[in-house]
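Right, one structure below, let's go through it.
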Ligand SMILES: C[S@@+](CC[C@H](N)C(=O)[O-])C[C@H]1O[C@@H](n2cnc3c(N)ncnc32)[C@H](O)[C@@H]1O
């Protein structure tokens, strides 16, 4: 316990050379918590500011606009939240892999600041873009977002969603969501037009690995005993079957010419794509990627781990966290009962990367005036 009266009920972490409680160090270095456990709010350091109702904000925060209390909550590695079928859910559901815009807004709030730029190179029907717009009204301020999408239909849906949502918002007397910039085309080309270091957060949901007969046939040819076996009965993080067939209506690269990708080809492509994207990311920026694991014929496909390794080994990015989005409202699917344990997938992974130190230094030197 602290020896500074009742004011600093601080742990023994902040001690001076004699092992006594060091109140100055605690104030300077500790995570400020509003409820008095750490510091007296009347006694803030120069870099601290009390935000009414939210806690203490540290002006040195380069990651987000969260107060210490909010930051602490935001470091939880599990986001246990079911998002209601809102924001024109029915319209967006034509795309089977869409993400809840408010979940995207939540992640944008953790990894960017008001006025920052967010890029989604695989934008689909715009979960990220809508999330960035929500931040203006339900967060600390709007982020500008750019989306790349190669399937025109998904872009049309994004625009239709925005129009319908804004009509409803106007009727409720709420301000409209801002339209974000959706660019049509292949992200591998569109990324060339994004200036270096201009993206503070890359938030995306990668095109799914199209599990199909190609790999099955190839493997069966190699060995009948192949663990990869049949793709029938694949279960993704929705627990509703794979998103592979409904997530992307456009052909996946590698799919042209009638053949879809093997898992290794998909991983190699993703590694190359993220390497391409990284130049655009600012030195303090983050790259955040949704990816669901899958279960298939007696075998758990640890796609999140595979993808994390593929990205780390191809792009100058370091994995900082694997957050779990757990959706408590997901139906349970009992596939193996009573003979075999098959997980009911009610979670998705959210991989969080930051630039490797060398890459961050190089990008920082590129952006500093000569
Ligand atoms: C999993 S979905 C993203 C869904 C999105 N998070 C949403 O909320 O709608 C991946 C998207 O990437 C698109 N895509 C795949 N390869 C692409 C490429 N090379 N360039 C641009 N878009 C691509 C697909 O058409 C698909 O809509």
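Out of 161, 125, 118, one residue alone is crowded, with 20+ Cβ neighbours inside 10 Å, in contact (Cβ under 8 Å) with a residue 24 or more places away in the chain, out of contact with any strand residue (DSSP E or B) (no Cβ under 6 Å at 6 or more places or on another chain) and more than 18 Å from residue 175 (Cα to Cα). It is 125.
Taking residue 212 as the residue in question, decide whether it is assigned by TED's automatic domain parsing to the domain that holds residue 266 and at pLDDT 95 or above. Give the derivation first.
Numbers: assigned by TED's automatic domain parsing to the domain that holds residue 266: yes; at pLDDT 95 or above: no.
No: the conditions fail for residue 212.
Return the residues of region 92-115 that are touching a residue at least 24 places away in the same chain (Cβ under 8 Å) and within 11 Å of the ligand (Cβ to nearest atom); say none if nothing qualifies.
Quick first cut of region 92-115, residues touching a residue at least 24 places away in the same chain (Cβ under 8 Å) only: 92, 94-115.
Across region 92-115, the qualifying residues are 92, 94, 95, 96, 97, 98, 99, 100, 101, 103, 104.
Checking the structure you have, find out if any residue of region 64-80 is at pLDDT 95 or above and within 16 Å of the ligand (Cβ to nearest atom). Taking every residue of region 64-80 in turn, at least one turns out to be at pLDDT 95 or above and within 16 Å of the ligand (Cβ to nearest atom).
Pairing each residue of region 74-89 that is over 30 Å from residue 61 (Cβ atoms) and in the same structural domain as residue 104 (by TED's automatic domain parsing) with any residue that is surrounded by 14 or more Cβ atoms within 10 Å (Cβ to Cβ) and modelled with pLDDT of 95 or more, provided the two are 6+ apart or on different chains, yields C-beta distances under 7 Å for 88/161; 88/164; 88/165.
Exactly one residue among 204, 140, 151 is in contact with a strand residue (DSSP E or B) (Cβ under 7 Å, 6 or more places away or on another chain) and in the same structural domain as residue 325 (by TED's automatic domain parsing), and that residue is 204. Taking the criterion of being under 14 Å from residue 201 (Cα atoms) and within 17 Å of the chain's Cα centre (by Cα), the residues of region 115-134 that qualify are 116, 117, 118, 119, 120, 121, 122, 123, 128, 129, 131, 132. If you check 237, 268, 247 for being at pLDDT 90 or above and closer than 27 Å to residue 352 by Cβ, only one passes: 268.
For region 337-370, which residues satisfy the criterion of being surrounded by 14 or more Cβ atoms within 10 Å (Cβ to Cβ) and farther than 30 Å from residue 84 by Cβ? Once the filter is applied, which keeps residues that are surrounded by 14 or more Cβ atoms within 10 Å (Cβ to Cβ) and farther than 30 Å from residue 84 by Cβ, region 337-370 yields 354, 355, 356, 359, 360, 362, 363, 364. Elements of the type strands (runs of 3 or more DSSP E) sitting completely within region 120-207 and holding at least 3 residues that are modelled with pLDDT of 95 or more and near the ligand (Cβ under 9 Å from one of its atoms): these cover 144-149, 199-205. In the condition set (1) in contact with a helix residue (DSSP H, G or I) (Cβ under 6 Å, 6 or more places away or on another chain); (2) touching a residue at least 24 places away in the same chain (Cβ under 8 Å), residue 152 is compliant with all but (1).
The values are calculated or read from the model by the stated rules, or taken from the named source; none is laboratory data. Since this is a predicted model, take the numbers as computed values, not measurements. Counting neighbours? That spans all protein chains shown, and the Cβs are built from the backbone with ideal geometry, glycine included.
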